[in-house]
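Scroll down for the structure; my scribbles are underneath it.
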Amino acid sequence: MADNCPCEAVRELKEIVSRHDRQLSNDHTEFAEIQKDLQYIKESLDKRSRINMNTLTAVIQAACTLLVTIIAAKLGT
């Protein structure tokens, strides 16, 4: 008779649901950590890209200044 008791089945289902809730909570936390890590990597790459772009801009500006100075010197003589 105890094997057919719906109370036991309900308890088992509640345990299963509870286990699934804990697993979903853990998975959500792990997903949030992965998402945070990916965001950090993206920001690091964006920052590195900006640094490279700033360096490139500085080099181009220096080259243009040098060219203008040379042209001005040639025209002045």
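The values are calculated or read from the model by the stated rules, or taken from the named source; none is laboratory data. These numbers come from a predicted model, not from an experiment. What goes into the accessible areas is simple: the full protein's heavy atoms, side chains included, and nothing from ligands, DNA or RNA. Shrake-Rupley method; radii C 1.70, N 1.55, O 1.52, S 1.80 Å.
Worth pointing out:
- Straight-distance candidates among the aspartates and glutamates for linking to Lys14, with alpha-carbon spacing under 19 Å and chain neighbours fewer than 8 residues away dropped: Asp3.
- For the pair Arg50 and Thr69 in one chain, pulling the backbone fully straight at 0.36 nm per residue adds 4.0 nm over the alpha carbon distance.
- Length released on extending from Leu24 to Ala58, taking residue separation times 0.36 nm less the Cα-Cα span: 7.2 nm
- One chain, two ends: Glu12 and Asp37. Fully extended at 0.36 nm per residue, the span grows by 5.3 nm beyond their Cα-Cα distance.
- For volume of the Cα convex hull per residue in Å³, calculated from these coordinates, the label among (1) 59; (2) 88; (3) 176: (1)
- Accessible area per residue in Å² at 1.4 Å probe, computed on the chain: 96 Å²
- Eligible lysines near Lys47 by straight Cα distance, threshold 23 Å, same-chain separation 8 or greater: Lys36
- On Cα atoms only, tilt of 6-76 relative to the major axis of the chain in degrees: 0 degrees
- Computed [θ] at 222 nm, helices only, for the chain once each DSSP H run of length n ≥ 4 contributes -39500 (n - 2.57): -35000 deg cm²/dmol
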